1. Since GLY194 meets every condition but one in (1) more than 26 Å from VAL258 (Cβ to Cβ); (2) touching an Asp or Glu at 6+ places or on another chain (Cβ under 6 Å), which condition does it not meet?
2. Out of the residues in the stretch 303-325 that are part of a helix (DSSP H, G or I) and hydroxyl-bearing (Ser, Thr, Tyr), state the one that is least open to solvent (accessible area, probe 1.4 Å).
3. Here is a list: ARG3, ARG103. Which entry is more than 30 Å from SER224 (Cα to Cα) and either among the charged types (D, E, K, R) or open to solvent by 30 Å² or more (accessible area, probe 1.4 Å) (or both)?
4. Quick check: is even one residue across the stretch 383-392 more than 29 Å from the chain's Cα centre (by Cα), closer than 27 Å to LEU234 by Cα and either open to solvent by 70 Å² or more (accessible area, probe 1.4 Å) or not small (Gly, Ala, Ser) (or both)?
5. Name the strands (runs of 3 or more DSSP E) wholly inside the stretch 160-275 in which the number of residues that are farther than 24 Å from LYS317 by Cβ, open to solvent by less than 10 Å² (accessible area, probe 1.4 Å) and not aromatic (Phe, Trp, Tyr) is 2 or more.
6. Do we find that ALA273 is out of contact with any Cys (no Cβ under 7 Å at 6 or more places or on another chain) and at pLDDT below 95 in this structure?
7. Of all the strands (runs of 3 or more DSSP E) wholly in the stretch 32-98, which have at least 1 residues that are without any contact (Cβ under 8 Å) to a residue 40 or more places away in the chain?
8. Considering GLY65, GLY58, which residue is closer than 24 Å to CYS195 by Cα, exposed (fewer than 14 other Cβ atoms within 10 Å of the Cβ) and among the small types (Gly, Ala, Ser)?
Amino acid sequence: MARYGELFLKSEPVKRHFIGMLLRNIRKALGASGLVCRYETPRGRILIYGNDPEQVAGIVSRIFGIIDVSICHRTTTDLPDLSVVALSLALPRLHAGMSFAVRAKRQHKTGRNSQELGTEIGSHIYDNIPGLTVDLDTPDYEVFIEVRDFGGLVYDRRIPGPGGLPWGTQGRVLVLLSAGIDSPVASWLAMKRGCEITHLFLDAGRWAGADVTAAAIDNHRKLSVWCAGNPVSLVIASNERFFDRMSELKVPPRYRCVICKRFMLNIAGRMMAHEGALAVVTGENLGQVASQTLANLSVIADGITVPVLHPLITYDKEETITIARRIGTFDATPGDLSCRAVPKMPATAAVLEEVRNYEQQMGIDDLASDTCTGLRFVTALDGRITEDTTGPAP
């Protein structure tokens, strides 16, 4: 049984559409693993019938829009049936000295109320397993009962899901992906809000550490697990010439990071239409590094005519790392991810006119056009790289 939460806030037509998208995503994810299932959609729930409940639950618990998943036993609504199944779940998990609770819900307001159901089923467990205590606040073990119009459901686990909105309900975004911690989390958060994603990585060549490109591709691969059954594209463009040009013209090192970020958004803006994206997503966080001060973010955003989303803008680093660990993109030993263009003393309040002047000297539009040629396309599906090709500019 899968539960969805936020979808209840939508109007009826929108809710029906979103539930339909959610079911589509579940079917694609399970189908990608060769699982054939049957589905029912009673109010507030999605019931999934399959031959491998553990595998089904593991996959569905990674579907955006799902708040949690339970492996259930279906019964009649008769109290004896509910009690027998509840006891069968409790027997291997409860022993003398442990505490337990029964959480019961009912759909209709006739017959026994929820408290009475919980009390009677709890008494059956208590009478058959000696030495137990009841603790409704912090029990060692919980069993859940739902009595609905189609029958009863009994379960003792609630596997957390990511929540959010179903993948694909908000259109496509182009995510500036890096080898680091922040941008993969920003990508995941955009996915959680219903966005399909295309990743864009700018390869700095010899200006970057030896492991940067491989780490970025690996982030891309890991994120594809969260939209199982849907291939995810990564576009890799070389911006080595951009850094060469900054060095040749002796652009003040303090401005390198700001000019680099502006250049990334320039490239992203050029590729949006080709990728069918409605916005650009970045991993920037307010005040985390020198280029991300409010003053510099204002300079970076200057001249950008496309929507730019910053999912991490108010997060601190520990919050971001916590999410990265949860979603599988955190790597404690990532290798050489250095940037050899980073200055010792970057500007924290770049002057816009000076930045524009240096960009004009660099011939930024020509550099951007060159960067958008000879692109590399990497496709990931279900945690695997399935295609790696080169192609023409958009």
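1. (2)
2. The first filter runs over the stretch 303-325 and keeps only residues part of a helix (DSSP H, G or I), leaving 317-325.
Subset that is hydroxyl-bearing (Ser, Thr, Tyr): 320, 322.
On the way: THR320: 1, THR322: 90 Å².
In this case the residue turns out to be THR320.
3. Only one candidate passes the filter, namely ARG103.
4. Yes, because at least one residue in the stretch 383-392 is more than 29 Å from the chain's Cα centre (by Cα), closer than 27 Å to LEU234 by Cα and either open to solvent by 70 Å² or more (accessible area, probe 1.4 Å) or not small (Gly, Ala, Ser) (or both).
5. 232-238
6. So ALA273 fits the description; yes.
7. Output list reads 38-40, 45-49.
8. Numbers: GLY65 fails: exposed (fewer than 14 other Cβ atoms within 10 Å of the Cβ).
Answer to the selection: GLY58.
The values are calculated or read from the model by the stated rules, or taken from the named source; none is laboratory data. What you see is a predicted model; the values in this text were computed from it and never measured. Here Cβ is always computed from backbone atoms with ideal geometry, including for glycine, and neighbour counts include all displayed protein chains. Side chains included, ligands, DNA and RNA excluded: accessible areas come from the protein's heavy atoms. Shrake-Rupley method; radii C 1.70, N 1.55, O 1.52, S 1.80 Å.
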